[in-house]
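The values are calculated or read from the model by the stated rules, or taken from the named source; none is laboratory data. Quantities reported herein were computed from a predicted structural model and do not represent experimental measurements. Glycine also receives a Cβ, built like all others from the backbone with ideal geometry; neighbour counts cover every protein chain displayed. Areas reflect the complete protein model, heavy atoms only, side chains present, ligands, DNA and RNA absent. Shrake-Rupley method; radii C 1.70, N 1.55, O 1.52, S 1.80 Å.
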Amino acid sequence: MSERHHAYRSSRTALFSLLSLLAVAALMLLLAPAQSVLAQPAPAGGPQSSNIFDHPSEGPDTQAERQVKQPGNNAPVWRAVNSTQSHFTTLPANEGGVLIQPAGEGWRQLRNGPITQWGGWTLVAMLIIVIAFYLIRGTMRLSSAPTGRMIERFSVVERLAHWSTAITFVILAISGMLMLFGKHVVLPVFGYSAFAVLANISKSLHNFIGPVFSLSIIVTFILFVKDNFPQKGDMDWITRFGGLFSRNAHIPTGRFNAGEKIWFWGGLTLLGIIMTITGFILDFPNFQQTRGQMQLAWTWHAIAAVLFILGAMGHIYMGTLGMEGAFKAMRTGRVDEAWAREHHEYWYNDVKAGRVTAERGTPAGAADRPEGQQPA
Ligand code: HEM
């Protein structure tokens, strides 16, 4: 083999080796990002279509490259962490591969924006309406004199069910409002430490009382449902707004008027079901709920809670200041015959005619004496 041929061969080999070296280097350069991607176990969603570190506007931008360009800058990592893609993690949690859930920011803005603002001002508006109504209309008094004859309106069991519903509801409403609006109305007044204590107590009370409320509304539903179906007089009551805007209006109804029935089906039943389902999802987060499911349950819970409190404000007003004798009915279980005839005439007729059981176990005594009469 001539020297020239030998020189040619060795330069070709050198060139080849050089080229191979260059090729290997280029390959390695090409594979490097792929390597780092491949080094990560495949995310649950299958192989990545694009380089997760790539910045759409800045092109390929691996963490390794960013470390060279801007040491200490972890933007590519945080872009990956803040994406909806699930990445490998040893965290044994449902959706553990999604460290930051972008939709959570949307939920946070909904919570702190429309729900807090609209919810809060609607409740304030309802309070002003109830106070204005009381100042203008006043308590609805009986137009006929009490007879002194008392009849049973609520049995002991019915009153127990109602008051456990009422008391747990009021605790849940106050603690819930403190958790939602407390930052805006309590914190500026009482300061961080006091608010922290109040918020903590509210959260614990809310979590424990919630299931008791749900149980109470189920019992109240079972006890009262039979008298809450549509009856003669309901439409008349609705079209005349229950006589709320006219003096001495007499609208005959059954045991419960249409307003009470709307509260029973719309409040106790429908909103009660929504609050119970969403409340249990939030209260017991150990069924692999995702953050998205918890946020959805929270959103339903908060909106239904505001509607429930709005309805309860009307019910509580009518059940205390709004109507003479109403509160006594649910406290003692008995009403004067004049009250029954004036407010629930068809029910009164049924009791008098014996179509409805008159006595279901409310003990006679203090409740049977007309207002203000001393025991013999
Ligand atoms: C402090 C709060 C409350 C007060 C003062 C109150 C007061 C009253 C009063 C006086 C009655 C008797 C009305 C009548 O004789 O027709 C009544 C009935 C009733 N209340 Fe309440 N209540 C309160 C809270 C609640 C709550 C939170 C609920 C449900 C979530 C509720 C559900 C009912 C039901 C279902 C009835 C029977 C009427 C019907 O079934 O249509 N109450 N309430």
Next item on the list: Could you run the Karplus curve 6.51 cos²θ - 1.76 cosθ + 1.60 with θ = phi - 60° over the range 202-218 and give me ³J(HN,Hα) per residue in whole Hz, x for Gly and Pro?
Entry: 4, 4, 5, 4, 4, 5, 8, 7, x, x, 5, 4, 4, 5, 5, 6, 5
Item checked: the range 88-239: C-alpha gyration tensor shape, a/c 1.5 cut-off, then a/b vs b/c -> prolate
Next item on the list: Would you work out which of TYR134, VAL189, ILE174 lies farthest towards the positive end of the dipole of the range 125-209? Charges go on Cβ: Lys and Arg +1, Asp and Glu -1.
Entry: TYR134
Notebook entry, point to check: To the nearest 10 square angstrom, what accessible area does TYR134 show with a 1.4 Å probe?
Noted result: 80 Å²
Next item on the list: Just reorder ARG141, ARG159, ARG334 by solvent-accessible area, largest first, 1.4 Å probe, all chains present.
Entry: ARG141, ARG159, ARG334
Item checked: Pairwise label distance in nanometres, ASP350 with LEU91, each label 7 Å out on the Cα-Cβ vector -> 5.7 nm
Next item on the list: Quantify, in whole percent, the carbon and sulfur part of the accessible surface of the range 203-336 (1.4 Å probe; protein heavy atoms only).
Entry: 75 percent
Next item on the list: Show the residues, 5+ positions off or on another chain, whose built amide H is closer than 5 Å to the amide H of ARG153.
Entry: ARG334, VAL335
Check: Can you list the HN-Hα couplings for the range 69-81, worked out from phi with the Karplus curve (6.51, -1.76, 1.60; θ = phi - 60°), rounded to whole Hz and with x for Gly and Pro?
Finding: 5, 9, x, x, 8, 9, 3, x, 5, 5, 5, 5, 4
Note to self: Just to check I understand the Karplus step: with θ = phi - 60° and J = 6.51 cos²θ - 1.76 cosθ + 1.60, what whole-Hz values come out for the range 317-330, glycine and proline as x?
What the structure shows: 4, 5, x, 10, 6, x, 9, 4, x, 5, 4, 4, 4, 7
Margin query: Would the range 103-368 count as rounded, prolate or oblate if I go by the C-alpha gyration tensor, calling it rounded below 1.5 in a/c and otherwise prolate when a/b exceeds b/c, oblate otherwise?
Written below: prolate
Notebook entry, point to check: At ASN82 and ARG141, where each label point lies 7 Å from the Cα along Cα→Cβ, what is the point-to-point distance in nanometres?
Noted result: 6.6 nm
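Using a 1.4 Å probe, what is the accessible area per residue for the range 103-368, in Å²?
54 Å²
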Notebook entry, point to check: Under 5 Å between amide H atoms, partner at least 5 residues away or on a different chain: which partners does MET323 have, H built in plane at 1.01 Å?
Noted result: MET140
